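The structure appears below as structure tokens.
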Amino acid sequence: MIRPASHRVMTVLRPVLTCAGLVALWGALARWGHVPPYMLPAPDAVARALWSGRAQLEPAAVTTLEETLLGLGIGIGAGSMLAIGMALWAPLRRWVMPMVLLSQAVPVFALAPLLVLWFGFGMASKVVMAVLVIFFPVTSALGDGLRQTEAGWMDLARTMGATRWRVLVHIRLPAAMPAFATGVRMATAIAPIGAVVGEWVGASSGLGFLMQTANTRFQTDLMFAALAVLAAMTVLLWWGVDRLLARALYWRPAHADID
Amino acid sequence: MTPPPGIRLEGVGLDFGNAPLFRGLDLLLAAGHMTVLLGASGVGKTSLLRMIGGLAAPDYGRIIANDDLPLAGRVAWMGQQDLLLPWASVIDNVTLGARLRGERPDLARARHLLGCVGLADQAGVLPAALSGGMRQRAALARVLYEDRPVVLMDEPFSALDSVTRARMQDLAGRMLAERTVVLITHDPLEACRLADTMLLMAGNPATLAHLDVPGGTAPRPVDAPAVLSAQASLLRRMMQ
């Protein structure tokens, strides 16, 4: 569907205007709200910290991005395989699903120190953290999608003499892709949280580590700068994944309505 | 295609909860004929069709082919919805059965069949680009690609407008000739145009009654006096 130019301009302008409004509100609060700068630095102070602290922020962002991407890749891969396994073999679902649910019942902050203890201060513990955070939405979304295959297609496949595996490949998996895409979008939004929580608990690099260091030194402007980088990184990552998914789901008319 | 078998129902019954939906149905669906099954919604027509197709098991009795060979693998299914996969092109939908069986799709034959149903130019498009009538024609091409001697159709044209439906009846009547076809419909005109044998399923528990079929060969012209007269009397009978 071809949209008018004004619609496309608004698609870009809407988030820009929202962000500008929020920054203006923040600036007003910092300037006239009688809040000390070590509690709420003004936007221009954060902008200066972004520039002056770029030598620290850039490698930290790269570390967090690497952890996030690795966590996303492994989490989506493992979550998908488990969802497919549970769809093909019901006993696996009955045995494993309670454990998957249990993993979500434990707060990630409680697990983080243990993971650092087990996997060390390096990247591995943060990747495992990100995997743990995104595993459930991916498994759950793809599992739901696989269970809700249109009954008529299953009947059709049976009369055609299909095997379970080929039904999975040609019908159930493609049909589950919209649900899977929802899970992946959710995972993309929350994966950086897993990585950053891991960095907070024990790390020598990354945005979470930088935030914690800045926090203990009362460098609130640098902390806000690191937060801004993390937010921008997450939004860009989500946007890229969303575009990829929209392209992969070319056959869904609904994807044209998602901006 | 192997020769079409007749299908024998022997004491077939199905319960819905504790109540019988139908019991003791005995019937021979003649080989190479189109049997049209009419009846009110909820009487058990689709359940019976699913049993013939091997998609559900009867609670009582059995359904067998009269050539003593299994029915499994000899049945093609066409439902109320076209059941086209929205992510696959029209030709990929037509050849779906081959891919599901791990066979190499015969694209030349699929194109020929698409030409027969008037969709030669739409082979590469997605189903979303087709009208309702075109989608059902693609579904018919998928049935023809399967080349099965038995075809089961559950109200396949019910969602179409009158003109498109009449055209689809002509097409299906011609293309499915000499196969053993069971067609469920609520449309008396459709039944009178296409049936070699007409059955009314009614009652609680339901039974099957043979109805008179107009003369001439199916698909009968939509304006044939015999068809119009039979349609009127059939409608009267269904309203009782």
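The values are calculated or read from the model by the stated rules, or taken from the named source; none is laboratory data. Note that this is a predicted model, so its numbers are computed, not measured. Counting neighbours? That spans all protein chains shown, and the Cβs are built from the backbone with ideal geometry, glycine included.
Just so you know, in the range B:134-170 the residues that are buried (at least 22 other Cβ atoms within 10 Å of the Cβ) and of a type in the set (Val, Ile, Thr) include one that is nearest to B:VAL90 (Cα to Cα), and it is B:VAL143.
Within the range B:16-56, the set of residues being in contact with a Pro (Cβ under 7 Å, 6 or more places away or on another chain) and farther than 24 Å from B:PRO5 by Cβ comprises B:PRO20, B:LEU21, B:ARG23.
Would you kindly identify the strands (runs of 3 or more DSSP E) lying entirely within the range B:10-127 that contain at least 3 residues that are within 14 Å of chain A (Cβ to nearest Cβ) and touching a strand residue (DSSP E or B) at 6+ places or on another chain (Cβ under 9 Å)?
Details: elements: B:19-29, B:34-39, B:60-65, B:75-78.
It comes to B:75-78.
When the range A:54-79 is limited to residues that are surrounded by fewer than 22 Cβ atoms within 10 Å (Cβ to Cβ) and more than 16 Å from A:ALA232 (Cα to Cα), the one that is farthest from the chain's Cα centre (by Cα) turns out to be A:ALA55. The residue list B:ASP59, B:ASP67, B:ASP106 contains one member that is surrounded by fewer than 20 Cβ atoms within 10 Å (Cβ to Cβ), over 30 Å from B:LEU234 (Cα atoms), more than 17 Å from the chain's Cα centre (by Cα) and not assigned by TED's automatic domain parsing to the domain that holds B:ALA195, which is B:ASP106. Restricting to the range B:81-127, give me the number of residues that are touching a Leu at 6+ places or on another chain (Cβ under 9 Å) and small (Gly, Ala, Ser). The number of residues fulfilling the criteria is 6.
Looking for whichever is assigned by TED's automatic domain parsing to the domain that holds A:LEU236, touching a Ser or Thr at 6+ places or on another chain (Cβ under 6 Å) and crowded, with 19+ Cβ neighbours inside 10 Å here; the options are A:ALA195, A:ALA181. Which one fits?
On the way: A:ALA181 fails: touching a Ser or Thr at 6+ places or on another chain (Cβ under 6 Å).
Answer to the check: A:ALA195.
Among the residues in the range A:169-179, are any over 15 Å from A:LEU142 (Cα atoms) and of a type in the set (Lys, Arg)? No, because not a single residue in the range A:169-179 is over 15 Å from A:LEU142 (Cα atoms) and of a type in the set (Lys, Arg).
Look through B:VAL163, B:VAL182, B:VAL222 and report the one residue that is of a type in the set (A, V, I, L, M), farther than 15 Å from B:ALA40 by Cβ and modelled with pLDDT of 90 or more. Reasoning before the result, please.
Working: B:VAL163 fails: modelled with pLDDT of 90 or more; B:VAL222 fails: modelled with pLDDT of 90 or more.
Exactly one residue qualifies, and that residue is B:VAL182.
Any residue at all in the range A:95-109 that is modelled with pLDDT under 90, more than 14 Å from chain B (Cβ to nearest Cβ), crowded, with 18+ Cβ neighbours inside 10 Å and in contact with a Leu (Cβ under 9 Å, 6 or more places away or on another chain)? Break it down stepwise before answering.
Here is the first cut: in the range A:95-109, the residues modelled with pLDDT under 90 are A:95-109.
Now restrict to residues that are more than 14 Å from chain B (Cβ to nearest Cβ): A:95-109.
With crowded, with 18+ Cβ neighbours inside 10 Å added as a condition, the list becomes A:100, A:108.
Subsequent filtering for residues that are in contact with a Leu (Cβ under 9 Å, 6 or more places away or on another chain) retains A:100, A:108.
For the range A:95-109, residues modelled with pLDDT under 90, more than 14 Å from chain B (Cβ to nearest Cβ), crowded, with 18+ Cβ neighbours inside 10 Å and in contact with a Leu (Cβ under 9 Å, 6 or more places away or on another chain): present.
Looking across the range B:194-226 at every residue that is outside any loop (DSSP other than H, G, I, E, B) and in contact with a Gly (Cβ under 7 Å, 6 or more places away or on another chain), the one that is surrounded by the fewest Cβ atoms within 10 Å (Cβ to Cβ) is identified as B:ALA226.
Picking from residues in the range A:151-174 that are within 8 Å of chain B (Cβ to nearest Cβ) and within 29 Å of the chain's Cα centre (by Cα), the one that is nearest to A:GLY77 (Cα to Cα) is A:PRO174.
When B:SER229 is tested against (1) surrounded by 13 or more Cβ atoms within 10 Å (Cβ to Cβ); (2) of a type in the set (Ser, Thr, Tyr); (3) not in a strand (DSSP E or B), just one condition goes unmet, and that condition is (1).
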